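Right, I'll just put the structure down here and ask away after.
The values are calculated or read from the model by the stated rules, or taken from the named source; none is laboratory data. A quick note: this is a predicted structure, and the numbers were derived from the prediction, not measured. A quick note on method: Cβ atoms are made from the backbone with ideal geometry, for glycine too, and the neighbour counts reach across all protein chains shown. The area values use the complete protein model at the heavy-atom level, side chains included, leaving out ligands, DNA and RNA. Shrake-Rupley method; radii C 1.70, N 1.55, O 1.52, S 1.80 Å.
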Amino acid sequence: MATVNISFQDDLLNAIDNVAKEEARTRSEFLREAARIYIERKRRWEEIFSYGRKRALDNNIKEEDVLNEIRAYRRRKTRD
């Protein structure tokens, strides 16, 4: 295991320490878990976007098509 030094603004460090204390964790445990969650969330979003890009290519859907559908949906919702 490696040790790293990280600088935090005081208010953020206080918030980290408060949550870690509430959860009976050390600051290091809290930060390791936060990093794991961030990395996993980033990986999942990349999978979602990759799936969307593939579906768009397979169906010849362009970004403009999606934006037009969103605008049309919003227009319908404002009429209801």
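When the stretch 1-47 is examined, which residues are found to be of a type outside the set (D, E, K, R) and open to solvent by 100 Å² or more (accessible area, probe 1.4 Å)? Break it down into steps so the answer makes sense when it comes.
Initial filter on the stretch 1-47 (of a type outside the set (D, E, K, R)): 1-9, 12-16, 18-20, 24, 26, 28, 30-31, 34-35, 37-39, 45.
Once the filter is applied, which keeps residues that are of a type outside the set (D, E, K, R) and open to solvent by 100 Å² or more (accessible area, probe 1.4 Å), the stretch 1-47 yields MET1, THR3, VAL4, ASN5, ILE6, SER7, GLN9, TYR38, ILE39, TRP45.
Looking only at the stretch 48-70, how many residues end up being in a helix (DSSP H, G or I) and either exposed (fewer than 10 other Cβ atoms within 10 Å of the Cβ) or of a type in the set (A, V, I, L, M, F, W, C) (or both)?
Narrowing the stretch 48-70 to residues in a helix (DSSP H, G or I): 48-58, 63-70.
Filter again for either exposed (fewer than 10 other Cβ atoms within 10 Å of the Cβ) or of a type in the set (A, V, I, L, M, F, W, C) (or both), leaving 48-49, 56-58, 63-64, 66-67, 70.
Counting residues in the stretch 48-70 that are in a helix (DSSP H, G or I) and either exposed (fewer than 10 other Cβ atoms within 10 Å of the Cβ) or of a type in the set (A, V, I, L, M, F, W, C) (or both) gives 10.
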